[in-house]
1. Along the charge dipole of the chain, Cβ charges K/R +1 and D/E -1, which of H251, Y28, T224 sits furthest on the positive end?
2. Determine the percent antiparallel among the DSSP beta bridges restricted to the chain, to the nearest 5.
3. Under 5 Å between amide H atoms, partner at least 5 residues away or on a different chain: which partners does L149 have, H built in plane at 1.01 Å?
4. Relative to the longest principal Cα axis of the chain, at what angle does helix 159-176 sit, 0 to 90 degrees, rounded to 10?
5. For the chain, with all protein chains present and a 1.4 Å probe, just round the carbon and sulfur fraction of the accessible area to a whole percent.
6. Could you state the principal axis extents of the C-alpha atoms in the chain, from the largest down, to the nearest angstrom?
7. In sequence order, what are the phi-derived ³J(HN,Hα) couplings for the stretch 264-275 according to the Karplus relation 6.51 cos²θ - 1.76 cosθ + 1.60 with θ = phi - 60°, rounded to whole Hz, with x for glycine and proline?
8. If the only charges are +1 at each Lys and Arg Cβ and -1 at each Asp and Glu Cβ, what is the size of the charge dipole of the stretch 65-163 around the Cα centre, to the nearest 20 debye?
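The values are calculated or read from the model by the stated rules, or taken from the named source; none is laboratory data. Remember, predicted model here, so these are calculated numbers, not experimental data. Glycine gets a Cβ as well: all are built from the backbone with ideal geometry, and neighbour counts include every protein chain shown. Accessible surface is based on the protein model in full, side chains and every heavy atom, while ligands, DNA and RNA are left aside. Shrake-Rupley method; radii C 1.70, N 1.55, O 1.52, S 1.80 Å.
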Amino acid sequence: MVITNKPINKLMFMLPLVVLSACTTNKYAATNKIYKEKTKAFANTIKAMPPLTQQIDSISPDQQTFVGSVNFGIRKPNFVIIHHTAQTSLDQTVKTFILARTEVSAHYVVSRDGKVVHMVNDYLRSQHAGLGKWGNDTDLNSSSIGIELDNNGNEPYSDAQIKSLLSLLGTLKRKYNIPTANFIGHADIAPKRKPDPNKFPWKVLAEKGYGLWYDAVLNMPPETFDAVVALRIIGYDTSNLGAAVTAFKRHFLPMETTPEITPALKLVLFNLYPKYM
Ligand SMILES: [Zn+2]
């Protein structure tokens with residue numbers, strides 16, 4: 001009796017779990033299937049020997065050969081780019097990121113209550129940055145992890161959301177050895193197009209080691225100080241100077257909103273830019 005009872009008890013225990021798991025996965029089964037197919041295609045590309053479509057132009061095929069090395073790894077992200085979703089709920093954002101026609105996604109979405117949805121493997125290129133530039137990097141989608149915070153752009157970020165974000169940033173920084181300076185915002189890399197994340201507590205993040213901040217005591221810059229060069233050294237695309245200044249202020253000087261170079265901007269910039277060198 002003891003022997004026959006055991007499997008029945010186990011089955012009774014497992015049944016609700018199976019039902020629960022089926023309910024939670026069904027909603028996204030179709031798009032999860034597409035995710036699986038796409039990742040499988042990438043895996044096949046990586047496995048191909050010799051690598052497909054990697055013929056070098058202007059060198060004849062008989063002059064090109066393949067010998068697999070045994071020493072290699074997988075490319076890793078080196079930046080984290082933070083966004084606000086400009087939407088009003090986590091469900092709405094998740095829905096946007098599983099619709100093919102939107103062509104956008106993020107690696108992670110952090111909801112107002114602190115729940116985190118992981119949507120793209122860290123090693124894959126999610127489509128969150130769009131056209132942008134930081135220093136000489138013009139393909140931030142390839143070099144970064146994109147994190148969307150569920151926020152409409154004009155409301156405070158909840159404590160639970162920031163707490164989860166900090167945990168996520170800690171994990172990413174440790175795992176991929178991401179430099180402190182490389183935690184930036186979407187507006188920083190796309191100042192002409194994007195205002196996010198807006199009203200964001202960058203100073204709180206910098207105090208925890210995610211992004212840089214200026215010192216409490218600031219020295220007056222000399223007359224010769226060039227604010228435009230300093231912005232470029234930090235990474236800003238200054239092709240539209242007003243947009244770059246506005247983005248810098250959104251990040252470091254939220255009390256100022258004008259696109260002009262002001263004494264306060266110069267004061268902060270003069271202290272900050274050497275930290276990026
Ligand atoms: Zn964004």
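1. The Cα lying farthest towards the positive end belongs to Y28.
2. Around 25 percent antiparallel, to the nearest 5.
3. Excluding prolines and chain starts, which carry no amide H, the hits are H83, H84, T85, V110.
4. 90
5. With neighbouring chains kept in place, the figure for the chain is 59 percent.
6. Cα extents, longest axis first: 90, 60, 35 Å.
7. Karplus values, whole Hz, x for Gly and Pro: 5, 4, 4, 4, 5, 4, 4, 7, 7, 4, x, 5.
8. Charge dipole of the stretch 65-163: 240 debye, to the nearest 20.
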